[in-house]
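Worksheet for the structure shown next.
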Amino acid sequence: MGATPMRPARVVVLGGGFSGLYATLTLLKELAGSDLAEVTLVDRRNYFTFTPLLPEVAAGTLGPSHVCYPFRSLSKKGRLHFIQGEVREFDLDEHVIGIENLAIPYDYLVVALGSTPYFFGNQELESHGLTLTSVADALAIRNHVIRLFERAVVERDPIRRRQLLTIVVVGAGPSGVEIVAELHHLIRSTLLAYYPVDASEVRMLLVDGEDRILPHFARELTDAGRTQLVERGIDVKLMTRVTGAGAQHVELNAGREIIPTRTLIWTGGTVPSPVLARLPAKRTGRGTVLVDECLRLPDHPEVYVIGDGSHVMDRRHERPYPPVAPVAIRQGVRAAANIVNALEGRGGEPFEFDFTGNLVGLGGGMALVNFLGITFHGRLGWWVYRMAYLQRLVGAKNKALLVLTLGLNALFDRDISCET
Ligand SMILES: Cc1cc2nc3c(=O)[nH]c(=O)nc-3n(C[C@H](O)[C@H](O)[C@H](O)COP(=O)(O)OP(=O)(O)OC[C@H]3O[C@@H](n4cnc5c(N)ncnc54)[C@H](O)[C@@H]3O)c2cc1C
C-alpha cells in the first residue's frame, strides 16, 4: 500500500481589512505553485475598504468604486477561497471557527478583525453619533449633509436654520481632522455655490479632550494643521469633552455648553471588534489581544492576532504599536511569512516596524505630511499625500479611476444629488 498523500494545511484568515488582506496577499504570493497550504479568507463584506480615503467619499470627491476592492478579484490570482459571513465563535482546542451556520476547520489561523467605534458607554452619543468606518457610513454622512442644506433653504426660522447648518465632529485624530476638513471643503466649494444659504450661518466644530490635534504627529505639523483649520473658520475646541447628545443638540463639558445641532460625527475612540471578546486569550483593559513577538497567542502558536485588535509591544521604544494602517499591513505580511516559515519547518521571526512617516489630508488641495522626519504641509504636502495613496490603493482599476476622477474634479463640481 502506498503512503497516504499529505493534505495541504488549512490557513484561515478572519477579516480582510488592511492586516488580513496583506496576510492573504503574502500567503498567496509565497505559496504560489506549492501544495503546502490552501488559504481561506472570511469577511462580513465581500470587498476590502481603503479606509484612509473614506473622508473623501463622505465629502463626495470620491465614490465607493475608488475605495472598494472585491476579494474575489484576488482569487483569480491564486488559490484563495473566500467566505462571506460573520465570525461568531472560536474553538481553539478543536481548531474550528464558527461563521454563522458554518464550522470552518483550520491548521493555522490569522485573526484580523479590526476595531469598532467606542462611545465610552455613553448611550446618547451612541444613539445620535454618525460613525465613519465603512463606505455605507461615508455615504450616509454625505447624504445627511446635503439633506441638511435642502432643509435649511426652506427653513424660515434663523435659529433652526443655524442648528441645521452646524456640524460637530468629535475626535481630533486623523479621521476626525480629515472629515471636518473635507466636509468644510464640500460646503465652501460646492454647496454654498448652489444653495442660497448665508455662509455666516454655517458652523463647524472639531472637539477633542486633548490639548492638541493629531497627537501622534510632529508638533510642527499639528500646529500647522490647527492653524489651517482655524483660518478656514472651523472652531477647534480642545480640552473639551463631549458628554451627551440628543436629536437637536450636543452637550459639552457636562452641560457647561450646549451646541444646537442635528449632526454629531463620532471619531472619538475605538475598541477591538466585539467578537474578539470570545477569543480565549489574555487581553489588555482596552480589549486588545496580547500576542508574543511573532504575533502568536502564547498558548496557541498556530493562532496569529494582528492589526487593530492586537497588542504588540515595540520593545525598542517601550510602547505598543499604534492602531494604524501601516502597522496593520506589516503585521499581515509578518504573520503570513511566519506561517510559511512554520510550514517549511523554520522558526518564526519577531515583528518589528519603523515608521517612515504619516499623512493627513485637509481637503482643498492641502495635506500634512511627515516623511522620514521631513515635514511638508500645504500644496506640496497634498501632492506627496496623493502620490502615497495612489501607490497604496489596492487594484489597478481603482488607481486609474482615482487619477481620472481627480482630473474631472478639477474641471467639474462634485455631484450633489442625495438619497432621501
Ligand atoms: C475613516 C478612517 C480613516 C482612517 N485613516 C487612516 C489613515 O489615514 N492612516 C492610517 O494609518 N490609518 C487610518 N485609519 C485606521 C486604519 O484604517 C486601521 O488602523 C486599519 O484598518 C486596521 O486594520 P485591521 O486589519 O486591523 O482592521 P480593518 O481594516 O478594520 O479590517 C477588519 C476587517 O474585519 C472584518 N470584520 C470585523 N468583524 C468581523 C466579524 N465579526 N465577522 C466577519 N468580518 C468581520 C471587517 O469587515 C473588516 O474588513 C483610518 C480608519 C478610519 C475608519
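Values quoted throughout were computed directly from the atomic coordinates according to the rules given, and no laboratory measurement underlies them. What you see is a predicted model; the values in this text were computed from it and never measured. For neighbour counting, all protein chains shown are included, and Cβ atoms are generated from backbone atoms with ideal geometry for every residue, glycine included.
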Cross-chain or 8 or more residues apart, Cα under 18 Å: how many lysine pairs in the chain fit that? Count them up, please.
4
If you find the alpha carbon centre of region 310-347 and of region 262-297, how far apart are they in angstrom?
16
Within region 67-150, GluC sites (Glu not before Pro) in DSSP loop having at most 16 other beta-carbon neighbours inside 10 Å:
Glu86, Glu94, Glu100
Counting only C-alpha contacts under 8 Å and six or more residues apart, can you give the relative contact order of the chain as a whole percent?
19
Expected 222 nm ellipticity per residue - DSSP helices of 4 or more, -39500 (n - 2.57), all of the chain, to 500
-10000 deg cm²/dmol
Counting only residues 5 or more apart in sequence or on a different chain, those whose built amide H sits under 5 Å from that of Leu290 are Lys282, Arg283, Thr284, His311
When DSSP beta bridges are limited to those with both residues in the chain, what percentage is antiparallel, rounded to the nearest 5?
50
Once exposed loop chymotrypsin sites (Phe, Trp or Tyr not before Pro) are cut out (DSSP; at most 13 other Cβ, 10 Å), longest piece of the chain:
121-411
Enumerate the calculated ³J(HN,Hα) couplings along region 306-323 in order (Karplus 6.51 cos²θ - 1.76 cosθ + 1.60, θ = phi - 60°), each rounded to whole Hz, writing x wherever the residue is Gly or Pro.
9, x, 4, x, 10, 10, 10, 7, 8, 5, 6, 10, 6, 8, x, 5, x, x
Magnitude of the Cβ-charge dipole of the chain, K/R +1 and D/E -1, about the Cα centre, nearest 20 debye?
800
For Asp354, placing the label point 7 angstrom along Cα-to-beta-carbon and taking region 371-405, residues whose amide nitrogen sits under 16 Å are 371-374
